[in-house]
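Participant: Just dropping this structure here.
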Amino acid sequence: MSYDKSRFWHPMLHPNDMKQRQPIRVVRGDGCYVFDDQGHKLVDGVAGLWNVNVGHNRPEVKQAIVEQLDELEYFQLFDGISHPRAEELSATLIDMLKQEDMARVSFSSGGSDAVETALKLARQYWRVCGQPDRTKFISLKQGYHGVHFGGASVNGNTVFRRSYEPLLPGCFHVETPWLYRNPFTEDPEELAQICAQMLEREILFQSPDTVAAFIAEPIQGAGGVIVPPASYWPRIRAVCDKYGVLLIADEIVTGFGRSGSMFGSRLWGVKPDIMCLAKGISSGYVPLGATVVNQRVADAFAKNQDFGGVIMHGYTYAGHPVACAAAIANLKIVREENLPAQAAAQGEYLLARLKPFADKYAAVGEVRGKGLMIALDLVQDKHSREPIDPMGGYANKVAEIARENGVLVRPVGTKIILSPPLVIGQAECDAIVSALAAGFEAA
Ligand code: PMP
């Protein structure tokens, strides 16, 4: 079938956009590469959508999926029913998260689901603790937490919220610790202190006994790979502790190695109360999400004896056996091949090679990242740091030329985002650098 006959809407695109252009039709993937329907081989500089961490076409994962389909294609986890793969995967996750004192897993089918679960469980936690007024959420102005109504409500960037308002009441946003763009300071530690103080002030302004949780990504991904100053998260943890507020880490991008650590929170030495996981959990082979809660949260539910402690939340596809089987095989690879270390090493190399772009090309204001999460921040003017016009098409043009040079990168408004598979090698990193250089030379 030709694309012209297809009838689907592309996410986050105006329906008319595709009247003027042809899509990139990806028909096959292998390792760090994908192939389009014209036979072009492209370095997958985005790992699907931050998620194909072990690379495409891994026989171990495919075999686990096929074996699971032969054994049991589907059954549910409601009504006190279980199946071996959900048991095995939840045990694996708790084992991987021992350091964080995580105790229970609630499965779902993706990142937005995992965030929704986290927000609902946070509210219910306070109910079972006898503090039902603690219903509010605080998040960051550049944060991204998916597209369900809960996630959209705590999302920072207005573009994700505007068309769907009114959203959930009781959601408030504080300043992102973004060194490159903030009105306060150029000093990272001072910025961490200011932003943590802002959270504290907001909690006090709302009244602590009404605040359920603070939610943020350990490194903001979709917001433009914003790496916080080193003391930011420890300060945030301290503020949350001071007022009893739950700390939810949205590890949907940072989880399972992408940041160069197995979990993003570990980079900052912080133990969240709830963690949202998806993407790299199954490397995208089958959709899967998981929300993990620590002992504090699990104990509160366990102590509650009445109906209020019933978790009236759950998805038909929670713990889908095929997704769990894919995740188990995927996480085995992540651990055996030590992909967090691989992401740290290749990320450092790629970032070092891209950093000089900020001196070389007028449009590149800053190149920043951690592990294999990298953004090139595009500006009209390096001095004022005013971003390029997001509707001007410049980032798209650079990405198009990079593609003609054999590399798929992701233009997102005023940034170009890179998030290749964690199994990427130096040769592919070099290919990304050359293709982007060609893009900036010609755009
Ligand atoms: N949280 C974060 C940090 C994300 O980056 C994303 C997706 N990019 C989501 C939540 C939503 O995940 P999904 O698209 O799987 O629903």
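The values are calculated or read from the model by the stated rules, or taken from the named source; none is laboratory data. Quantities reported herein were computed from a predicted structural model and do not represent experimental measurements. In this analysis, Cβ positions are derived from the backbone assuming ideal geometry, glycine residues included, and neighbour counts consider all displayed protein chains.
Participant: Select from the stretch 134-157 the residues that are in a loop (DSSP other than H, G, I, E, B) and either within 15 Å of PHE172 (Cβ to Cβ) or at pLDDT below 95 (or both) and list them in ascending order.
Facilitator: Residues satisfying the conditions are ARG134, THR135, LYS141, GLN142, GLY143, HIS145, ASN155, GLY156, ASN157.
Participant: Quick one: how many residues across the stretch 169-180 are surrounded by 16 or more Cβ atoms within 10 Å (Cβ to Cβ) and in contact (Cβ under 8 Å) with a residue 40 or more places away in the chain?
Facilitator: Within the stretch 169-180, residues that are surrounded by 16 or more Cβ atoms within 10 Å (Cβ to Cβ) and in contact (Cβ under 8 Å) with a residue 40 or more places away in the chain number 4.
Participant: How many residues are more than 14 Å from the ligand (Cβ to nearest atom) and in contact (Cβ under 8 Å) with a residue 12 or more places away in the chain if we restrict to the stretch 138-158?
Facilitator: Total meeting the criteria: 2.
Participant: If we scan the stretch 192-213, do we find a residue that is touching a residue at least 24 places away in the same chain (Cβ under 8 Å), crowded, with 22+ Cβ neighbours inside 10 Å, within 16 Å of the ligand (Cβ to nearest atom) and assigned to a loop (DSSP other than H, G, I, E, B)?
Facilitator: Checking the stretch 192-213: not a single residue is touching a residue at least 24 places away in the same chain (Cβ under 8 Å), crowded, with 22+ Cβ neighbours inside 10 Å, within 16 Å of the ligand (Cβ to nearest atom) and assigned to a loop (DSSP other than H, G, I, E, B).
Participant: What's the number of the condition ILE424 fails, among (1) surrounded by fewer than 18 Cβ atoms within 10 Å (Cβ to Cβ); (2) not in a helix (DSSP H, G or I)?
Facilitator: (1)
Participant: In addition: Hey, among the residues in the stretch 1-53 that are among the basic types (Lys, Arg) and part of a loop (DSSP other than H, G, I, E, B), which one's surrounded by the most Cβ atoms within 10 Å (Cβ to Cβ)?
Facilitator: Checked the stretch 1-53; the qualifying residue surrounded by the most Cβ atoms within 10 Å (Cβ to Cβ) is ARG25.
Participant: If LEU49 satisfies all but one of (1) in the same structural domain as TYR315 (by TED's automatic domain parsing); (2) within 16 Å of the ligand (Cβ to nearest atom), what's the number of the condition it fails?
Facilitator: Against the list (1) in the same structural domain as TYR315 (by TED's automatic domain parsing); (2) within 16 Å of the ligand (Cβ to nearest atom), LEU49 comes up short only on (1).
Participant: Scan the stretch 158-168 for residues that are in a loop (DSSP other than H, G, I, E, B) and loosely packed, with under 11 Cβ neighbours inside 10 Å and jot them down.
Facilitator: GLU165, PRO166
Participant: Further question: Give me the pairs, please: first residue somewhere in the stretch 329-354 and closer than 30 Å to GLN68 by Cβ, second residue anywhere and in a helix (DSSP H, G or I), beta-carbon distance under 7 Å, and either six or more positions apart or on two chains.
Facilitator: Listed pairs, sorted by first residue: ALA329/GLU60; ALA329/VAL61; ALA329/ALA64; ASN330/VAL61; LEU331/THR92; ILE333/GLU60.
Participant: So which residues in the stretch 87-120 are among the hydroxyl-bearing types (Ser, Thr, Tyr), more than 10 Å from the ligand (Cβ to nearest atom) and either over 19 Å from GLY150 (Cβ atoms) or assigned to a helix (DSSP H, G or I) (or both), if there are any at all?
Facilitator: SER90, THR92, THR117
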